[in-house]
Structures are given as C-alpha cells and as structure tokens.
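All remarks here apply to the structure that follows.
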Amino acid sequence: MMKSTEIFSARESKEMEDILSRYEASASAILPLLHYVQSIQGHLSEEALTFVAEFIGVPHVRTFEVATYYTMLFTEPVGRHLVQVCRNLSCHVNGAENVLEALKKELGVDVGKTSDDGLFTLVEVECIGACDHAPAVMIDEDLHRKVSEDSVNRILGSYREKV
Ligand code: FES
C-alpha cells in the first residue's frame, strides 16, 4: 500500500487521518476524503482514488464509482473556477436554460468543458437549495441568485479579476 506521505504533505496526511477518525466505519469517510483530496489536487486522479480506497480498506472500484457518480467530484482536471448551473424545476421554469446558453457563449465551451484560458469549467447540477431565488448558479463556493443572461458577463468578470 502507498503511504499517504508519498503523495500528500505531512499536514494533508494528518488532516486525512483526522477525517477518518470521525467515522466509526472507515468506509463512511469515503465522500469527505474524496472531497478533501479534490480540494487539494483540483480533481481526483487515478492515483488518488486508488490511495483513498486503500486508505479506508475498500475495493478500488468503490472510489471510482463514487467519484463518477457525484457531479461535484471530478476525475479529470477542471478550471480554476467551477461554474455550476442548476437544471431543476424552479430554475428551469425561471430561465436557467437561457442563463446556461449565455454562459456557454461567454465561455466558449459546452457543458462539462473547460474554457481555453483554463479559468472556468461549466457543469449542470441538480437543485442547489436556492429554488426561491431561481435561476441559481454556484461558482466555487459562491451562490448567485436570480441570475439573468444579462448578468452573466458581470458575474464572470468578477472571477476573472480574481486571477
Ligand atoms: S431548483 Fe434550482 S436551486 Fe432548487
């Protein structure tokens, strides 16, 4: 088995041990561990998925299944900013499709792709809990409410300035 210190710093390894210790059954730590590893590495590489599986003692295929099931986990590199457009009912009936089209046009990408400058990855997600402010878009940890086609440019601009 690979040691955590072979691919993670001592601080990161300690954090992973801490996460694992919060769960009675080590397999229950799979999602928080994958989420943590992704926050460090930007995505979940095959090496990272193999490591986490061995770390918690589950078959390798289990981490691959989880990583490919959840839309917030990525097995391929993503852009610096993750743009998540809600596609559920409230957002859909309030113009999410128009917002998505405006984002695709502005970023020059289709859903699931990363802009040429490497700054933004565009994805569609299920309800993000802001139905009363539909259509809603999450960018990284920021929730944008009542987004319109006209506000897309301004919103993206604020992230471009953060570079
Ligand atoms: S339906 Fe879009 S946030 Fe709930």
One residue from Leu44, Leu34 being in a loop (DSSP other than H, G, I, E, B), more than 16 Å from the ligand (Cβ to nearest atom) and in contact (Cβ under 8 Å) with a residue 12 or more places away in the chain: Leu44
Among the listed residues Thr68, Thr75, Thr121, Thr114, identify the single one that is touching a helix residue (DSSP H, G or I) at 6+ places or on another chain (Cβ under 6 Å), away from the ligand (no atom under 15 Å from the Cβ) and of a type in the set (Val, Ile, Thr). Thr75
If the Cβ limit is 7 Å and pairs must be 6+ apart or interchain, which residue in segment 92-107 that is on the phi < 0 side of the Ramachandran plot and assigned by TED's automatic domain parsing to the domain that holds Phe120 pairs with which residue that is of a type in the set (Val, Ile, Thr) and part of a helix (DSSP H, G or I)? Val99/Val152; Ala102/Val152; Leu103/Val152; Glu106/Val152
Considering only segment 93-103, state which residues are within 10 Å of the ligand (Cβ to nearest atom) and either over 21 Å from the mean Cα position of the chain (by Cα) or over 9 Å from Ala134 (Cβ atoms) (or both). Val93, Asn94
With the condition kept exactly as written, say whether any residue in segment 2-22 is under 25 Å from Gly112 (Cβ atoms), in a helix (DSSP H, G or I), among the aliphatic types (A, V, I, L, M) and modelled with pLDDT of 95 or more. no
Can you tell me which of Asp18, Asp132 is over 22 Å from Arg160 (Cα atoms), charged (D, E, K, R) and within 16 Å of the ligand (Cβ to nearest atom)? Asp132
So which helices (runs of 4 or more DSSP H) stay within segment 56-163 end to end and still have 3 or more residues that are closer than 30 Å to Ala27 by Cα and touching a Ser or Thr at 6+ places or on another chain (Cβ under 7 Å)? 60-69
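The values are calculated or read from the model by the stated rules, or taken from the named source; none is laboratory data. Since the model is a prediction, treat every value here as computed from it, not as a measurement. Don't worry about glycine lacking a Cβ; one is built from the backbone with ideal geometry, like all the others, and counts go over all protein chains shown.
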